[in-house]
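Undergrad: Following this message is one structure expressed as structure tokens.
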Amino acid sequence: MSILFILEATLSQVDDMLENIEEAAYQQPLEIFSNSSIGQHTRHIIEFLQCLIGQSAAGVANYDQRPRNAAVEVSPMQARKAIAAIKDQLPQCELGQSLLLESDYGLGKAMIHRTFTTLERELVYNVEHAIHHMAIIKIGIRQLLPDFELPKGFGVAPSTIRYRKQHN
């Protein structure tokens, strides 16, 4: 199964959540999130993918250079538009494309680390990254909106779903 299919399915779960959440709940700072919001976690998922896809043509990936677009973190509709745009770009992704991944670990002075990767490897990472943040989002939704229905398996890794099926 293609990573593009898996990524699209993962983004569809986020889109389903966005379709049903009220803007006020999406924006609300939550103490359990150290006062960040569901919208900020959603923006984080989206912007990692925007960064990767947008920079890949230049042969580089640097997640530190994401735009931190406030409109995506305060508006479920803007987040949905961003997800739709990402999905539209997925068919053009050349999975075998070589990339140079750059990360800055410095807190003041730059401490750049570079390593070679591929677009496919980074898309796999982004699926895992998205699921991780979806699990965090689910914690916030359960606290803020206990009756809110999330898609089945939202924020749960496929390996965890398989494990639970085998051991229940």
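Each reported figure results from applying straightforward, stated rules to the coordinates on display, with no laboratory input. In this text the structure is predicted, and so the values were computed from the model without any measurement. Please note: Cβ atoms are built from the backbone with ideal geometry, for glycine as well, and neighbour counts cover all protein chains shown.
Undergrad: How far is helix 3-20 tilted, in degrees, relative to the longest principal axis of the Cα atoms in the chain, given as a value from 0 to 90 rounded to the nearest 10?
TA: 40
Undergrad: Now a separate question. Between the stretch 141-157 and the stretch 1-46, what is the separation of their alpha carbon centroids in Å?
TA: Value for the Cα centre distance between the two parts: 11 Å.
Undergrad: Now for a different question. Can you pull out the GluC sites (Glu not before Pro) in the stretch 3-70 whose DSSP state is coil and whose Cβ has at most 15 other Cβ atoms within 10 Å?
TA: Qualifying residues, ordered by number: E22.
Undergrad: What number, rounded to the nearest 500 deg cm²/dmol, is the helix-based mean residue ellipticity at 222 nm of the chain, given -39500 (n - 2.57) per DSSP H run of at least four residues and division by all its residues?
TA: About -18500 deg cm²/dmol.
Undergrad: How far is helix 38-56 tilted off the main Cα axis of the chain, in degrees rounded to 10, range 0 to 90?
TA: 20
Undergrad: Quick one: helix 119-144 against the long Cα principal axis of the chain, what's the angle to the nearest 10°, folded into 0 to 90?
TA: Computed tilt is about 20 degrees.
Undergrad: Arrange the following residues from fewest to most other Cβ atoms within 10 Å of their Cβ: H41, H132.
TA: Ordered from fewest to most neighbouring Cβ atoms within 10 Å, H41, H132 come out as H132, H41.
Undergrad: Full-extension gain between N168 and S34, please, as 0.36 nm times their residue separation minus the C-alpha to C-alpha distance.
TA: Between N168 and S34, full extension yields an extra 44.9 nm.
Undergrad: What do you get when you divide the Cα radius of gyration of the stretch 25-93 by 2.2 N^0.38 Å, with N the number of residues?
TA: Dividing the Cα Rg of the stretch 25-93 by 2.2 N^0.38 Å gives 1.19.
Undergrad: Which three semi-axes in whole Å describe the equivalent ellipsoid of the chain, each the square root of 5 times a Cα gyration tensor eigenvalue, listed largest first?
TA: Working from the Cα gyration tensor, I get semi-axes of 26, 20, 16 Å.
Undergrad: A follow-up question, please. Output the Cα-based Rg and Dmax of the stretch 99-156 in Å, rounding Rg to one decimal and Dmax to a whole number.
TA: Cα only, the stretch 99-156: 16.6, 46 Å (Rg, Dmax).
Undergrad: Still on this model: Can you tell me, using C-alpha contacts under 8 Å and at least 6 residues apart, the relative contact order of the chain as a whole percent?
TA: Here the relative contact order equals 25 percent.
Undergrad: I would also like to ask the following. What longest range of the chain stays clear of loop-exposed trypsin sites (Lys or Arg not before Pro) (DSSP non-H/G/I/E/B, at most 13 other C-beta within 10 angstrom)?
TA: Excluding the exposed sites themselves, the longest stretch runs over 1-67.
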